[in-house]
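Structure, as structure tokens:
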Amino acid sequence: ILGKTIVAYIQQRINHDPNTRIRLLEVGAGTGGTTEGLLKKLIPFQKHITEYLYTDLSKAFLMHAQDKYVKDYPYVMTHLFDVTKPILEQEIQPDSYDVVIATNVLHATPNIRETLQNAKAVLHRSGIIIINEISNQSWFTHLTFGLLEGWWLSQDRALRIPGSPGLYPQTWERVLKEEGFSSLVFP
């Protein structure tokens, strides 16, 4: 769904302007679970992609991306990025990306509002953010990821699912609207 949504967005941009250039930023790309499938879907649009910025907190994941993706996708670049911190402290220009992608990473931050503000700061005014997040209580995810430090970082527990760092869809919708995101769609 994430890939189809991004492809549809890019196709719409190309239909509007055949010379359009797209910049994408993936937050917390990790091992590239989302990246790999998405880059394959983007092959038909390569001439329209200026940059796919693969970001993470870990240099090891960035080195993994350098080894795995850059040779086949020359527009892939890597950069250390902590979505919990203001972007200007991290050498990322505001208002410069058309698409921000975040798969199961935003919940692992202390303050979801600040996180969304920082993610929004890199977006062009007409850009889109694609969020793929846990949105229910699951013993599987709790037991699988509950031992990781990021699982317990949330300081805004009133927004979170009880006993989990995730947010229910209606909470995501409310918080996104309150943080200035509009035209929300839950595919």
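The values are calculated or read from the model by the stated rules, or taken from the named source; none is laboratory data. Values in this document were obtained by computation on a predicted structure and should not be read as measured data. Ideal geometry is used to build each Cβ from the backbone, glycine not excepted, and the neighbour counts take in all protein chains shown. These accessible areas exclude ligands, DNA and RNA; they are computed on the full protein's heavy atoms, side chains included. Shrake-Rupley method; radii C 1.70, N 1.55, O 1.52, S 1.80 Å.
Determine if the stretch 32-46 includes at least one residue that is surrounded by 13 or more Cβ atoms within 10 Å (Cβ to Cβ), in a strand (DSSP E or B) and among the hydrophobic types (A, V, I, L, M, F, W, C).
No; the residues of the stretch 32-46 include none that is surrounded by 13 or more Cβ atoms within 10 Å (Cβ to Cβ), in a strand (DSSP E or B) and among the hydrophobic types (A, V, I, L, M, F, W, C).
Quick one: what pairs do we get from the stretch 116-135, first residue in contact (Cβ under 8 Å) with a residue 24 or more places away in the chain, second in a strand (DSSP E or B) and among the polar types (S, T, N, Q), C-beta under 9 Å, 6+ apart or different chains?
Listed by first residue and then by second, the contacts come to Ile130/Thr103; Ile131/Thr103; Asn132/Thr103; Glu133/Thr103.
(1) more than 15 Å from the chain's Cα centre (by Cα); (2) closer than 28 Å to Leu167 by Cβ; (3) among the acidic types (Asp, Glu): which one isn't true of Glu114, the others all being true?
If we test Glu114 against (1) more than 15 Å from the chain's Cα centre (by Cα); (2) closer than 28 Å to Leu167 by Cβ; (3) among the acidic types (Asp, Glu), just (1) comes out false.
Of the conditions (1) surrounded by fewer than 20 Cβ atoms within 10 Å (Cβ to Cβ); (2) modelled with pLDDT under 95; (3) among the small types (Gly, Ala, Ser), Ser96 satisfies every one except a single condition; which number is it?
Just one mismatch for Ser96, condition (2).
Under the condition of being more than 15 Å from Lys40 (Cβ to Cβ) and hydroxyl-bearing (Ser, Thr, Tyr), which residue from the stretch 53-74 is surrounded by the fewest Cβ atoms within 10 Å (Cβ to Cβ)?
So, considering only residues that are more than 15 Å from Lys40 (Cβ to Cβ) and hydroxyl-bearing (Ser, Thr, Tyr), the one surrounded by the fewest Cβ atoms within 10 Å (Cβ to Cβ) is Ser58.
Go through the stretch 78-117 and report how many residues are within 23 Å of Ile49 (Cα to Cα) and of a type in the set (S, T, N, Q).
Qualifying residue count for the region: 5.
Could you tell me whether the stretch 19-26 includes any residue that is without any contact (Cβ under 8 Å) to a residue 60 or more places away in the chain, basic (Lys, Arg), part of a helix (DSSP H, G or I) and open to solvent by 10 Å² or more (accessible area, probe 1.4 Å)?
no
Say we look at the stretch 149-168 and pick out the residues that are modelled with pLDDT of 90 or more and either open to solvent by 50 Å² or more (accessible area, probe 1.4 Å) or under 17 Å from the mean Cα position of the chain (by Cα) (or both); which of these is nearest to Leu116 (Cα to Cα)?
Filtering the stretch 149-168 for residues that are modelled with pLDDT of 90 or more and either open to solvent by 50 Å² or more (accessible area, probe 1.4 Å) or under 17 Å from the mean Cα position of the chain (by Cα) (or both), the one nearest to Leu116 (Cα to Cα) comes out as Leu167.
Just checking, does the stretch 108-116 include any residue being open to solvent by less than 20 Å² (accessible area, probe 1.4 Å) and outside any helix (DSSP H, G or I)?
Within the stretch 108-116 (the criterion being open to solvent by less than 20 Å² (accessible area, probe 1.4 Å) and outside any helix (DSSP H, G or I)), the answer is yes, since at least one residue qualifies.
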